[in-house]
Amino acid sequence: MKDFSILEAFQDNANRREELSIDWQGFYLDYSKHLVNQEIMDGLFSLAKESKLLQGIESMFDGSKINVTENRAVLHTALRVPKDKTVVFEGKDVVPEVHEVLESMYSFAEKVHAGTLKGATGKAIEHVVNIGIGGSDLGPVMIYEALKQQKLHLKTSFVSNVDGFHLEQKLRDLDPETTLVIVVSKTFTTQETMANAHAAKDWLREAIGDSGIGNHLAAVSTNVAAASKFGIPQERVFGFWNWVGGRYSLWGAVGLSLILSYGREVFEELLSGAFAMDSHFKATPLEKNMPVVMALLGIWYNNFLDARSHAVLPYVQALSRFPAYLQQADMESNGKSVSKRGIQVDYQTGPIVWGEPGTNGQHAFYQLIHQGTKLIPADFIISAKAHSKYQDHHLKLMANCIAQGEALMKGKSEEEAKEEMRNKGISNDEIERLAPFKTFSGNRPSSAIVMDQLDPKNLGALVALYEHKIFVQGWVWDVYSYDQWGVELGKQLASKVLIELNNEVELDHDESTNYLIQKLKEAQVKS
């Protein structure tokens, strides 16, 4: 395929676009602008079958403990199953439990919206502060930003960073008497989250005292005892299960802030869209299965064409946090170098995932994608329908999205560059000098993902689409996608360093680390 031309492939096959596209329930995936032909796609589908992907999909949905290193099932899909369906885990249907928690969240939110649940001083709750990190933050904040065209019941601020400035700036303009703080931590021990939670609790206490502080707190956690000790009434602690991984948890109790912000109907639509994508993923043949096709294209570039990163470029401002969300979902899942057999792999696994909304990215890093030395496959995501009153802006947005995919594929030959300059009356000497810089190689791959509109249902489907893409890639790469042991080492060492920063003890690190600790301790004394 080293001499393969996407443009020539279109000229040779009048049906290429039709053959290399998928139309599904308000979604359209066009992957015809990729460095593939039908022979390559057939080979990739054979690879998926050889990897026993169909059995893998079944094992995830049926509750098998495919997160082997933690002895857990991977059942976040059960969080969006309608109540009339059944998901059996260890001999028990978990769907009633899921909907019991959902109903408790809906009821809590409706009481807050109605003013039945007030703050300690009798004022209605007007603002929510969601304190979490990782999956307890990235999913909810991404959805919150994406749904801002919906009716907003309560404004929500999200705090994740242990840098105190993050919390300070979020609380600065809020009234403690009208603020609800949600602490989101599965174990209720996450260092960054609990540091922020205690500081927020102190902020509340200064304004309203201790007696009514529980009126301003809620928690999402499995550790009810710790949450109660913190001062959160038990009926305000919303739980989830061991079979829900953090970065896939926004569909359940972790989505409490979203229900408070947008209400029950919107959240149910979000779940409905994700469930629809789940059904497509489970039942559709590989050749027309949207998550499978996207995953296999990524494997093609990552493992055969030596592309090390993948750009996600939403031409929807509401999806501004979507690339950041996918960075965790993808890189924490498949950033692994040990196979399921416990041996070091000798091939590439998870790519670097990055991106920004269009058109901002065009004026930032697109130069690298168009003329740089690296091969960077890209996903262009666009909504056919405008989500603002400025229809003319949306036409410009769509024009740019379409044009970028075409430009990456077509490029610009040296002769085309010269002809453009001749038409502008530029001298021959100047044309010869400038031509190399104005030439684009083209033949750079991209997908177009078109939604008919960005509504809660389609947003749910979009997120689930990428979740399943990540699963497929991890399955084919033969890695465990649902643990994250690499996150733990830094946490362990940070606990030790924190003690050393707070106390005069002998340092036993390498010279560089010892010096950094000493230098920062001295800076604290001076300040």
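The values are calculated or read from the model by the stated rules, or taken from the named source; none is laboratory data. Since the structure is predicted, the reported quantities are computational estimates derived from the model, not experimental observations. Neighbour counts are summed over all protein chains in view; Cβ atoms, including those assigned to glycine, are modelled from backbone coordinates with ideal geometry.
Worth a mention:
- Taken together, the criteria place PHE322 among residues that are over 19 Å from ARG444 (Cα atoms), assigned by TED's automatic domain parsing to the domain that holds VAL36 and crowded, with 21+ Cβ neighbours inside 10 Å.
- Selection count where residues are out of contact with any helix residue (DSSP H, G or I) (no Cβ under 8 Å at 6 or more places or on another chain) and either under 22 Å from ILE381 (Cβ atoms) or surrounded by 17 or more Cβ atoms within 10 Å (Cβ to Cβ) (or both), scope region 25-62: 1
- If only residues of region 500-512 that are assigned to a helix (DSSP H, G or I) and without any contact (Cβ under 8 Å) to a residue 12 or more places away in the chain are counted, the one that is surrounded by the most Cβ atoms within 10 Å (Cβ to Cβ) is ASN502.
- A single member of THR439, THR349 is surrounded by 14 or more Cβ atoms within 10 Å (Cβ to Cβ), of a type in the set (Val, Ile, Thr), outside the structural domain of TYR325 (by TED's automatic domain parsing) and more than 26 Å from VAL316 (Cβ to Cβ), and it is THR439.
- Qualifying positions in region 54-85 - in a helix (DSSP H, G or I) and either under 17 Å from TRP241 (Cα atoms) or touching an Asp or Glu at 6+ places or on another chain (Cβ under 6 Å) (or both): MET60, PHE61, VAL68, THR69, GLU70, HIS76, THR77, ALA78, LEU79, ARG80
- Residue pairs whose Cβ atoms lie under 6 Å apart, sitting 6 or more positions apart in sequence or on different chains, and linking a residue in region 107-136 that is assigned by TED's automatic domain parsing to the domain that holds LEU167 and in contact (Cβ under 8 Å) with a residue 40 or more places away in the chain to a partner that is charged (D, E, K, R) and crowded, with 19+ Cβ neighbours inside 10 Å, are GLY119/GLU177; THR121/GLU177; LYS123/GLU177; ILE133/GLU192; GLY135/ARG247.
- Residue tally, condition without any contact (Cβ under 8 Å) to a residue 60 or more places away in the chain and either within 17 Å of THR349 (Cα to Cα) or in a helix (DSSP H, G or I) (or both), over region 278-301: 2
- Only a single criterion out of (1) touching a helix residue (DSSP H, G or I) at 6+ places or on another chain (Cβ under 8 Å); (2) among the small types (Gly, Ala, Ser); (3) on the phi < 0 side of the Ramachandran plot; (4) surrounded by fewer than 17 Cβ atoms within 10 Å (Cβ to Cβ) is not satisfied by GLY231, namely (3).
- Residues of region 160-212 that turn out to be touching an Asp or Glu at 6+ places or on another chain (Cβ under 8 Å) and within 13 Å of ILE131 (Cβ to Cβ), as a count: 5
- If you check SER272, SER261, SER257 for being touching a Leu at 6+ places or on another chain (Cβ under 7 Å), farther than 30 Å from VAL68 by Cβ, in contact (Cβ under 8 Å) with a residue 60 or more places away in the chain and of a type outside the set (D, E, K, R), only one passes: SER261.
- Of the set (1) closer than 30 Å to ASN37 by Cβ; (2) surrounded by fewer than 24 Cβ atoms within 10 Å (Cβ to Cβ); (3) in contact (Cβ under 8 Å) with a residue 24 or more places away in the chain, all apply to ALA226 but (1).
- Of everything in region 382-409 that is in contact with a helix residue (DSSP H, G or I) (Cβ under 9 Å, 6 or more places away or on another chain) and within 22 Å of GLU8 (Cα to Cα), the residue that is surrounded by the fewest Cβ atoms within 10 Å (Cβ to Cβ) is ALA407.
- Unique match (being buried (at least 17 other Cβ atoms within 10 Å of the Cβ), over 30 Å from ALA9 (Cα atoms) and of a type in the set (Val, Ile, Thr)) among VAL472, VAL463, VAL450, VAL476: VAL463
- Among (1) in a helix (DSSP H, G or I); (2) over 31 Å from the mean Cα position of the chain (by Cα) - the single one LYS469 does not satisfy: (2)
- Assessment of region 194-211 against the conditions (closer than 26 Å to LEU138 by Cβ, in a loop (DSSP other than H, G, I, E, B) and assigned by TED's automatic domain parsing to the domain that holds SER107) yields no matching residue.
- Here region 479-499 is the region considered, the condition is being within 30 Å of LYS49 (Cα to Cα) and of a type in the set (Gly, Ala, Ser), and the residue that is surrounded by the fewest Cβ atoms within 10 Å (Cβ to Cβ) is GLY486.
- For region 419-435, the set of residues classified as of a type outside the set (A, V, I, L, M, F, W, C) and either under 23 Å from GLU8 (Cβ atoms) or surrounded by 14 or more Cβ atoms within 10 Å (Cβ to Cβ) (or both) consists of GLU419, GLU420, listed by residue number.
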